[in-house]
Amino acid sequence: MKTANAIALSLAALALCLAPPRLNAAGCPSEPDWSYTGPRGPRNWNSLFPTQCGNGSRQSPFDIVTGSALPAKLPPLAFHYKVADVIVLDHDDQVQFDHGAGNFITIGETRYNLINIHDHTPSEYTLNGRQFPMEIHLVHQDPNTGQLAVVGVFVEAGKPDPGVVEEPSVKQPSTVDLKLTDLIPDQKNYFRFNGSLTTPGNTTKPPRCAEGVLWTEMLTPITMSKEQIAAFEEASQACWGTKVTNRPAQPANGRFLLAPQLP
């Protein structure tokens with residue numbers, strides 16, 4: 001008679017066998033030990049990876065409640081995005097890729113180089129309970145300390161975004177041509193807080209669901225056409241076998257949301 005563990009392993013193996021095939025394209029995952037569907041999907045990450053994901057107190061994403069924000073004298077945020085080039089969308093949500101020398105942000109006097117761009121459909125963070133059809137994560141890193149600083153941008157359906165010069169496709173799910181300056185909303189109101197990466201990633205580079213990430217979430221969404229959003233959804237479908245690539249909301253655990261104090 002099979003044990004409960006053996007049966008569970010058999011079901012997991014069956015689910016992996018029945019999962020839609022993923023393209024072997026740059027930026028797409030190659031047999032990771034987590035997924036966005038089935039028994040290794042987001043709702044099970046905390047139990048599959050309890051030390052790194054399940055036991056963290058500053059996990060991302062969570063519901064951003066604007067009324068709980070505290071005004072603070074924050075180091076100013078400045079974008080230095082100049083290069084519009086073909087970019088590899090990282091559907092594996094890792095942070096070890098260089099996506100164009102010369103693109104960086106500064107927070108106060110500290111420079112963080114842009115090293116990764118990826119998207120989630122629908123959004124991972126929610127704003128006062130509202131979920132958006134898409135969210136872009138622009139991952140930056142301090143070259144001296146390794147500190148990660150992520151800028152999150154909500155996307156809602158509306159006018160086309162001219163910054164999406166070439167959309168991803170099913171055949172080339174990771175290749176896009178983006179004008180980075182058009183991915184940032186004109187109204188640069190934001191909250192800053194401590195959080196984590198939003199996937200298990202791999203075990204070492206960086207650790208799964210790594211905390212200590214400096215998050216800046218833009219509160220004003222940009223717009224993309226329904227067709228543009230659909231292109232990103234289809235790229236996720238090609239890589240993961242699903243258009244749904246968001247981690248469920250995690251407990252905020254009373255963490256501070258800091259809003260720039262107006263002069």
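Table for the structure above
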item: Residue check for ARG40: modelled with pLDDT of 50 or more, more than 28 Å from VAL151 (Cβ to Cβ) and in contact with an Asp or Glu (Cβ under 8 Å, 6 or more places away or on another chain); result: yes
item: Scope region 45-79; condition at pLDDT below 95 and under 19 Å from the mean Cα position of the chain (by Cα); matching residues; result: PHE49, GLN52, CYS53, GLY54, GLY56, SER57
item: Every residue from region 236-263 that is within 16 Å of THR37 (Cβ to Cβ) and out of contact with any strand residue (DSSP E or B) (no Cβ under 7 Å at 6 or more places or on another chain); result: SER236, GLN237, ALA238, CYS239, TRP240, GLY241, THR242, LYS243, VAL244, ARG247, PRO248
item: Scan of region 211-235 for residues that are outside any strand (DSSP E or B), over 10 Å from PHE154 (Cβ atoms) and not charged (D, E, K, R), ordered by number; result: SER225, GLN228, ILE229, ALA230, ALA231, PHE232, ALA235
item: The listed residue being of a type outside the set (Ser, Thr, Tyr), touching a residue at least 60 places away in the same chain (Cβ under 8 Å) and buried (at least 19 other Cβ atoms within 10 Å of the Cβ), out of VAL165, VAL170, VAL155; result: VAL155
item: Residues of region 123-152 satisfying the condition of being acidic (Asp, Glu) and either surrounded by fewer than 22 Cβ atoms within 10 Å (Cβ to Cβ) or without any contact (Cβ under 8 Å) to a residue 60 or more places away in the chain (or both); result: ASP142
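The values are calculated or read from the model by the stated rules, or taken from the named source; none is laboratory data. Just so it is clear, the structure is predicted and the values come from calculations on it, not from any experiment. With ideal geometry, Cβ positions are generated from the backbone for all residues, glycine too; neighbour counts draw on all protein chains shown.
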